Amino acid sequence: MSTKAIIYARVSSVGDRQNTERQISDLSEYATYQKLEIAQIFEEKISGAKKNVERPILLQAIDYCKQNKVSILLVSELSRLGRNAFEVLATVKDLIDNGINLYMQKEQLTLLDNDGSPTMFAPIMIATLSTCAQLERENIKFRLNSGRKLYIERGGKLGRKVGSTKSLEQKKEQYKDMIGYLKRGYSIRNVAKLTGKGISTVQRIKADFNL
């Protein structure tokens, strides 16, 4: 009987600039090498700074593991679970409490050993890495805020240019195929594949038109 695994892939951009293809491809190769059965793939486009309760796909992925006796959750790196140290540690504790292993490709680290017990160095490594990720995010935030302040002091103006926001009529024309699929009851994932757009784009259009 093969070991069940799921892939959770996340990018921060909510537009179409980033995608999860590389993460999924690399983790699928790892699963094949380790003879793991990929039971489901979860993709999310949301900032890593968001709290767990604000990240529905991550919560759905973890719940799927619990409900379907999935043994291991595969992520490309620890920061995919978030950049807030306390949020990451809460997620890790939840996984440990439910006997779900975690594989982090970048760190080449698993949460549990072959006996299902936490590895000796995993808690220390995870606490250190998640703290570093949070500090990195705070440094980036500080630099961005500092840059904005200097820009404004020199006469710059922030915000979208006039006319840069598309009207519903413009969206209706641009995404008419997508809207048609949604009206016919196609799932968000299937619509994304059929139209070549990101899942977050489909979710946004679905919400814009109450489909």
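The values are calculated or read from the model by the stated rules, or taken from the named source; none is laboratory data. All values derive from a computational prediction rather than experimental measurement. Because the Cβ atoms are built from the backbone with ideal geometry, glycine has one as well, and the counts that use them run over all protein chains shown. Just so you know, the surface numbers come from the protein's heavy atoms only, side chains and all, with ligands and any DNA or RNA stripped out. Shrake-Rupley method; radii C 1.70, N 1.55, O 1.52, S 1.80 Å.
Among DSSP beta bridges whose residues both lie in the chain, state the antiparallel percentage, nearest 5.
15
Hey, what do the phi angles of the range 174-191 turn into as Karplus ³J(HN,Hα) couplings, whole Hz, using 6.51/-1.76/1.60 and θ = phi - 60°, x for Gly and Pro?
Coupling constants for the range 174-191: 5, 10, 4, 5, 4, 4, x, 5, 5, 5, 8, x, 5, 6, 4, 4, 5, 5 Hz.
With respect to the cross-link table entries Lys50/Lys206; Lys51/Lys106; Lys50/Lys172; Lys50/Lys149, which display a Cα-Cα separation exceeding 27 Å?
Result: Lys50/Lys172 exceed 27 Å.
Using the Cβ atoms and a cut-off under 14 Å, what net charge is assigned to the surroundings of Ile24, where Lys and Arg are +1 and Asp and Glu are -1?
0
Loop-only trypsin sites (Lys or Arg not before Pro) in the range 1-86, please: DSSP not H, G, I, E or B, and at most 11 other Cβ atoms within 10 Å. Before the final figure, lay out the partial values.
On the way: sites: Lys4, Arg10, Arg17, Arg22, Lys35, Lys45, Lys50, Lys51, Lys66, Lys69, Arg80, Arg83; in loops: Arg17, Lys35, Lys50, Lys51, Lys69, Arg83.
Answer by residue number: Arg17, Lys35, Lys51, Lys69.
At a Förster distance of 45 Å, what's the computed FRET efficiency of Arg189 paired with Glu153, Cβ-Cβ distance as r, to 0.05?
0.45
Over the chain, average the accessible area per residue using a 1.4 Å probe and give it in Å², no decimals.
Per residue, the chain has 63 Å² of solvent-accessible surface.
Carbon and sulfur together cover what percent of the accessible area of the chain at a 1.4 Å probe radius?
51
Tell me what the chain gives for mean residue ellipticity at 222 nm when only DSSP H runs of n ≥ 4 count, each as -39,500 (n - 2.57), the sum divided by the residue total, rounded to 500 deg cm²/dmol. Present the calculation step by step, with values, prior to reporting the outcome.
Details: 8 runs with 103 residues, N = 211.
Helix contribution divided over all residues of the chain: -15500 deg cm²/dmol.
Taking the Cα centre of the chain as origin, sum charge times position over the Cβ atoms of Lys and Arg (+1) and Asp and Glu (-1), and report the length of that vector in debye to the nearest 20.
I would put it at about 1300 debye.
Using 29 Å as the Cα-Cα cut-off, could you pick out the over-long pairs in Lys69/Lys176; Lys69/Lys93; Lys171/Lys193; Lys45/Lys69?
Lys69/Lys176
In whole Hz and in residue order, list the ³J(HN,Hα) couplings for the range 202-211 that follow from phi through the Karplus curve 6.51 cos²θ - 1.76 cosθ + 1.60, θ = phi - 60°; x for Gly and Pro.
5, 4, 5, 5, 4, 6, 4, 10, 6, 8
Collect residues whose amide H, placed 1.01 Å from N in the peptide plane, falls under 5 Å from the amide H of Leu112; neighbours closer than 5 in sequence don't count.
Leu102, Thr119
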